[in-house]
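For reference, the structure is listed below as structure tokens.
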Amino acid sequence: MLVRMFYTSCRNMTRAKNFALLVLCLLIAGILIFNTSSASSDDTNKEYSMVAENDSMVVCFENFDDTRKLIFDAGYNDVDQDASSDTVIYFVTPTYPRREQAAEITRLGQTLMHVPNLHWIVADDTESCNPFLNQLLKKFGIPYTHIASPMPVFYRTRKLVPRGVANRRAALSWIRNNNKKTGVLYFGDDDNTFDLKLFSEIRTTKKVSMFPVGLIGDYAVSTPIVSNGKVQGFFDSWPAKRKWPVDMAGFAVNLEYMALSSNVTMPYKAGYEEDEFLKSIGLKMQDIEPKANNCTEILVWHTQTKNNKPPKIRISSGALQNDKVNLGTLLRQLESMGVSHISQSEGTAAQITKDGKSKSLLSWFS
Ligand code: UDP
Ligand code: MN
């Protein structure tokens, strides 16, 4: 910018035929260009320390270039090279009502907003359709199917609860009933973390693809062992005599291939869901395609969200119904999401703070 300003003013001076000044201008411009170019080659990947008051900190990397691609920009194919292919990814997400649900679905939905040709099957472990969840799903603009598929009560009382199984079974039924025989199936839990590159990788699955999942068990990773481009075994800290000791997020299945098996199922067998499912599709070792650069990259993380009890907030009904102030609307909304509860007689008293002083709602509103 500075360089351009100089260039313009120098050009005006040539018109004025002020030769000496022009030479000076060129000299200064030269110095400016030299400085900016050496600065820009220097400002990448340079760690530096800062001292802010008594704290010390290190700035590890800075990049001031905005090179983002818009979601629907054609150049987006850089991330998902196969976006132009017609292959649809059926992304199956089991979910269940608890206070973190809306937060998890928001994060996952905003990841999936970047993925073309995707159909999101969200199966909620609940008796009836949750309109709030559906409102949330609609907002993303992603093609989706919202299912309510409660776990049979019988399994809830078991020592090891088969989490998310009823939901995945419901999604498998939906795929079967809708005669979906092309595309790729992937099981992505609502609390996991997905690298966008995962989608371009699994989209080309011919039979079954596999890849590492970060943060699993005592090895902190579950991955196939690959040599010569072939899967030779598995590295998973909980073998449990499983033929396929992999995580639910560690594989994708081509639907054409899956349709060749007639007994595809995921039994209610906690800990053995992946193994039994992969057995039911008749998987053979030689069918497995290693992805993520021969299983050397982590493109999915089995993150888990800490589950805390919803707190109870004591607030008078007057304050709660007062629509001149935002608080009532906000707290009522959080109550309907199951994030927190409101009570008139119990819980932490609602107070408003200003200038470091906290006041009861009553005195605030009066
Ligand atoms: N899930 C469910 N019903 C439950 C518990 C869990 O549908 O009662 C879902 C949950 O939303 C997640 C998946 O099943 O998508 C796996 O559950 P969770 O994340 O609790 O288990 P993890 O494997 O991480 O221990
Ligand atoms: Mn989980």
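Data overview
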| read-out | value |
| --- | --- |
| Near pairs, Cβ below 9 angstrom, 6+ apart or cross-chain, from the range 300-314 (within 16 Å of ligand 2 (Cβ to nearest atom)) to any residue that is among the aromatic types (Phe, Trp, Tyr) | VAL300/PHE194; VAL300/PHE211; TRP301/PHE194 |
| Elements of type helices (runs of 4 or more DSSP H) contained in the range 99-175, each with 1 or more residues being more than 22 Å from HIS302 (Cβ to Cβ) and among the β-branched types (Val, Ile, Thr) | 153-156 |
| Residue in the range 260-268 that is part of a strand (DSSP E or B) and crowded, with 19+ Cβ neighbours inside 10 Å present | no |
| The one condition in (1) without any contact (Cβ under 8 Å) to a residue 12 or more places away in the chain; (2) part of a helix (DSSP H, G or I) that ALA249 fails to fulfil | (1) |
| Near pairs, Cβ below 7 angstrom, 6+ apart or cross-chain, from the range 172-193 (farther than 20 Å from TYR96 by Cα) to any residue that is of a type in the set (D, E, K, R) | LYS181/GLU256; THR182/GLU256; VAL184/ARG203 |
| Checklist (1) away from ligand 1 (no atom under 16 Å from the Cβ); (2) loosely packed, with under 12 Cβ neighbours inside 10 Å; (3) modelled with pLDDT under 95 applied to VAL325, failing item | (2) |
| Filter pass, ASN167 being farther than 19 Å from MET258 by Cα, within 16 Å of ligand 2 (Cβ to nearest atom) and among the polar types (S, T, N, Q) | no |
| Residue in the range 132-154 that is surrounded by fewer than 21 Cβ atoms within 10 Å (Cβ to Cβ), more than 26 Å from ILE281 (Cα to Cα) and within 11 Å of ligand 1 (Cβ to nearest atom) present | no |
| Number of positions in the range 179-230 that are among the polar types (S, T, N, Q), outside any loop (DSSP other than H, G, I, E, B), surrounded by 22 or more Cβ atoms within 10 Å (Cβ to Cβ) and within 16 Å of ligand 2 (Cβ to nearest atom) | 1 |
| Filter result (part of a loop (DSSP other than H, G, I, E, B) and either buried (at least 18 other Cβ atoms within 10 Å of the Cβ) or touching a Lys or Arg at 6+ places or on another chain (Cβ under 8 Å) (or both)) within the range 231-246 | ASP236, LYS243, TRP244, PRO245, VAL246 |
| Residues of the range 347-366 that turn out to be out of contact with any strand residue (DSSP E or B) (no Cβ under 6 Å at 6 or more places or on another chain), loosely packed, with under 14 Cβ neighbours inside 10 Å and of a type in the set (A, V, I, L, M, F, W, C), as a count | 1 |
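The values are calculated or read from the model by the stated rules, or taken from the named source; none is laboratory data. Keep in mind that this is a model prediction, so the values were computed, not measured. Cβ: placed from backbone, ideal geometry, glycine included. Neighbour counts: every protein chain shown.
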